[in-house]
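Take a look at the structure set out below.
The values are calculated or read from the model by the stated rules, or taken from the named source; none is laboratory data. If you're wondering where the values come from, they're calculated on a predicted model, not measured in any experiment. When we count neighbours, we look across all protein chains shown, and the Cβ atoms used for this are built from the backbone with ideal geometry, even at glycine.
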Amino acid sequence: RKIYDEYNDEEVELTKEEIKHIRRLLKGKAPHAEFDPYAPYVDWFKWDDSKHPLSNAPEPKRRFIPSKWESKKVVEYVRAIRKGLIKFDQPKEEPRFYRLWGDDSSSADRTKHLAYIPPPKPKLPGHEESYNPSLEYIPTQEEINSYQLMYEEDRPKFIPKKFTSFRSIPAYENAIKDSFERCLDLYLCPRVRKKRINIDPESLKPKLPSRKDLRPYPSTCYLEYRGHEGAVLSISVEPSGQWIASGSKDGTVRIWEVETGRCLRVWEIGEAVQLVAWNPLPELPVLAASVGADVLILNTGFGNEEEQKRIKELLHIGTPTTDDSDDMSSFLSWIQDEKYDCIRLRHYRVLGSVSSSLESRAILIHQLSKRLTQRLPFKLHGLPVSSVFHPTRSIFFVATKKNVRVYDLLKQKLIKKLETQLREVSSIAVHPAGDNLIVGSKEGKLCWFDMDLSSKPYKTLKCHPKDITKVAFHRSYPLFASCSDDCTAYIFHGMVYADLNQNPLIVPLEILRGHTSYDGRGVMDCKFHPRQPWLFTAGADSSIKLYCH
């Protein structure tokens with residue numbers, strides 16, 4: 001308990017109380033144990049009966065009487081103004097002398113100052129030009145050797161080095177050269193003053209109507225159809241809107257009831273079903289399914305007895321037939337499939353779809369009533385990606401990877417070639433009126449074509465970060481949609497006016513999120529309900545979702 005006191009050069013013996021104080025101080029406490037640092041605050045001043053300020057003296061009389069000295073000063077100023085000693089608007093003295101060959105106005109002097117443009121300041125040295133730079137700024141010997149392989153204008157002008165002291169820093173080698181180049185830049189490089197235009201950013205935005213005024217449109221997930229074990233590649237809605245068909249990667253074709261989500265029929269095909277489509281005639285409810293290189297025409301079993309009788313006659317083939325016209329026998333044959341009680345169009349080549357192995361460039365049109373197959377006589381410049389018929393006229397749209405070609409089937413000639421300006425087209429859809437077209441691409445862009453306006457896109461929308469898999473128009477509502485591998489579906493308002501002088505109105509409405517990504521794929525297909533503002537989406541997560549307003 002003894003410590004050495006250096007100041008007094010002696011040993012001091014500590015008492016027990018002093019040791020306790022030192023230990024409490026080392027622990028960060030108060031030296032005295034009786035001291036409470038968190039004692040409640042005691043307000044010694046009482047405000048309960050204080051109705052008046054601390055000083056309740058009455059105001060002096062001088063504060064209510066005008067100042068006598070200020071009034072005297074005001075009188076002096078008034079007399080000086082009347083005598084003319086104080087003048088407010090003094091006339092400017094005109095210069096007595098002027099330049100004989102100068103301008104009549106002083107505008108030349110002002111323009112001299114405005115014409116001067118200060119030169120840009122030289123670049124300040126950075127960390128790499130320090131005498132003691134960090135290690136990441138010092139290049140290795142391999143990097144220094146690689147500088148010799150570069151062009152002279154691409155080489156770094158300064159190679160950082162590390163010095164131990166100031167006296168070991170040599171003189172800068174390129175000091176005179178840099179000063180000379182700086183003088184050349186000031187002398188030879190012209191300087192221009194750029195005028196900045198102040199524009200309100202809000203004025204650049206297009207004036208679009210409110211989304212509330214554009215209702216109804218699908219916004220909420222109402223129902224989910226589950227039963228497939230693989231990715232749902234395609235869906236199709238029956239013309240009356242009561243049934244929906246789906247084809248999946250698990251090799252099944254299913255028919256669902258729209259309002260209840262009940263699965264009515266299942267066909268086990270055994271191969272991935274790439275596409276399904278209902279017959280647009282409601283009195284003949286047959287379903288077409290694309291499986292590999294074949295197309296199946298399936299009898300759904302819906303309809304009354306008369307309709308079923310007509311369907312069975314339509315789908316009955318006594319012996320396998322081939323169309324000999326235009327040498328169609330080398331392309332396909334019509335076969336009666338007893339297993340599924342349907343017609344199988346067996347293609348000997350993959351037609352109407354993109355095939356990396358066969359590189360097919362042919363498109364066939366099948367006529368079910370006559371069991372005939374026609375090959376389009378047009379030369380396709382590129383691989384066909386998608387094709388669609390005009391809603392009311394004998395016009396056929398064929399989309400290749402770069403362009404969309406419009407053909408007249410009666411006249412058998414090319415009407416128009418639409419330049420998409422896209423990297424690769426993925427899908428197309430035609431407006432119910434037939435004069436407008438939307439094109440989706442694998443770079444996430446959506447193009448709207450007004451064929452009466454131009455062969456180039458009227459609007460290009462960059463909405464999806466990933467590939468657009470499908471686009472669709474609504475039959476009766478001014479709506480169109482696009483779905484993508486980013487697991488989203490975008491809903492747009494697309495109003496087409498009868499007045500040709502008025503351009504179509506495109507307004508983004510809603511982003512539908514509900515599917516999950518599987519194997520890098522998202523939403524594979526989307527279709528509108530034919531009568532209601534509803535949207536069906538098929539995803540790679542083996543589910544089908546119904547979005548309602």
Entirely in segment 403-474, the strands (runs of 3 or more DSSP E) that have 2 or more residues that are at pLDDT 90 or above and either out of contact with any strand residue (DSSP E or B) (no Cβ under 8 Å at 6 or more places or on another chain) or buried (at least 18 other Cβ atoms within 10 Å of the Cβ) (or both)
403-408, 425-430, 436-441, 445-450, 468-473
E271 fails exactly one of the following numbered conditions: (1) within 22 Å of V471 (Cα to Cα); (2) at pLDDT below 90. What is the number of that condition?
(1)
Does A498 satisfy being surrounded by fewer than 17 Cβ atoms within 10 Å (Cβ to Cβ) and in the same structural domain as I235 (by TED's automatic domain parsing)?
yes
Give me the pairs, please: first residue somewhere in segment 520-549 and in the same structural domain as S236 (by TED's automatic domain parsing) and assigned to a loop (DSSP other than H, G, I, E, B), second residue anywhere and among the polar types (S, T, N, Q) and crowded, with 23+ Cβ neighbours inside 10 Å, beta-carbon distance under 8 Å, and either six or more positions apart or on two chains.
G522/T469; G522/S484; S542/S248
If N501 passes every condition in (1) within 14 Å of I438 (Cα to Cα); (2) polar (S, T, N, Q); (3) without any contact (Cβ under 8 Å) to a residue 40 or more places away in the chain but one, which one does it miss?
(1)
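Quick grid of which residues meet (1) surrounded by fewer than 16 Cβ atoms within 10 Å (Cβ to Cβ); (2) modelled with pLDDT of 70 or more; (3) of a type in the set (G, A, S); (4) not in a loop (DSSP other than H, G, I, E, B):
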| residue | (1), (2), (3), (4) |
| --- | --- |
| G303 | no, yes, yes, no |
| E307 | yes, yes, no, yes |
| E313 | yes, yes, no, yes |
| Q336 | yes, yes, no, yes |
| Y340 | no, yes, no, no |
| K370 | yes, yes, no, no |
| K379 | yes, yes, no, no |
| S386 | no, yes, yes, yes |
| R393 | yes, yes, no, no |
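Name every residue in segment 232-258 that is farther than 25 Å from T516 by Cβ and touching a residue at least 24 places away in the same chain (Cβ under 8 Å), in order of residue number.
Residues satisfying the conditions are E238, P239, S240, G241, W243.
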